[in-house]
Amino acid sequence: MKAIVAMDMNRVIGYKGRMPWHIPEDFKWFKKQTMGHSLIMGRNTFESIGNPLPGRFTYILTGNESKIALPKADECMYIGYEDLMKGLVSNTWFAYTAWVCGGASVYKHFLPFCEEVYATIIIDEYEGDTYMPHFEDDFPNTEILREEKDFWMVRYWK
C-alpha cells in the first residue's frame, strides 16, 4: 500500500472540504501514479471530488453508507475500516496497488501500513482546517523526484 498527498509548508491538506490550491502538475502526477490502481479515501474526500475517478476503483471509508448515494457501483464501494483491514490483511481485494489519498483521519489510520508516501510539498502557506499527520519519522528514506519553484514532489519509503 502507498499514500499520496499534497500539502503546504504547514501540513495543510484542506480547507472547508476542498484543497486550497490548484496545481495542474500535481493533478497530472496524481493521475499518473494512481491510474489502474485502487484508491482508499474517506467519504468527505470522495464528496469533495464529486465523482469516481476514471480508471481507478475507489474504496470509500465511512461509518454511514446511507449518507450519500453511490454514483457508480462498478467504480467504487462504501466500506468500513474493519472490513477494509480484513481485505488488506488477507490480500484478497487488491490485485493492484492500493493508494491512500485522504483525508486526515484516513491517512492517520493507514500510514502505518504503507510502504511509501508520495508527497507534493507546496512551497507556500494556505489557510486550512485539515492537516496531514506527521509521518516522516516512519519513512526514513527520502528522494526528491521533482523540484519546482512552487512545489516539490518527494518520495518517502521504509
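Values quoted throughout were computed directly from the atomic coordinates according to the rules given, and no laboratory measurement underlies them. Since the structure is predicted, the reported quantities are computational estimates derived from the model, not experimental observations. Note that we place each Cβ from the backbone using ideal geometry, even for glycine, and neighbour counts take in every protein chain shown.
Key figures for this structure:
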read-out	value
Trypsin sites (Lys or Arg not before Pro) restricted to DSSP loop in the range 11-55 with at most 10 other C-beta within 10 Å	Lys16
Proxy reagent accessibility, fewest Cβ within 10 Å first, across Lys2, Lys158, Lys86	Lys158, Lys86, Lys2
Cβ charges +1 (Lys, Arg) and -1 (Asp, Glu), total dipole of the chain, debye	460 debye
Given the chain, longest segment not containing exposed loop GluC sites (Glu not before Pro) (DSSP; at most 14 other Cβ within 10 Å)	1-64
At 0.692 mPa s and 37 °C, Stokes D of the range 1-57 from Kirkwood alpha-carbon radius, µm² per second	264 µm²/s
Against the rule of thumb 2.2 N^0.38 Å, how large the Cα Rg of the range 2-157 comes out	1.00
Cα→Cβ-extended label distance, 7 Å offset, between Asp74 and His134, nm	4.7 nm
Label point distance in nm, Glu147-Gln33, each placed 7 Å from Cα along Cα→Cβ	1.9 nm
Count, lysine Cα pairs under 19 Å in the chain, 8 or more residues apart or across chains	10
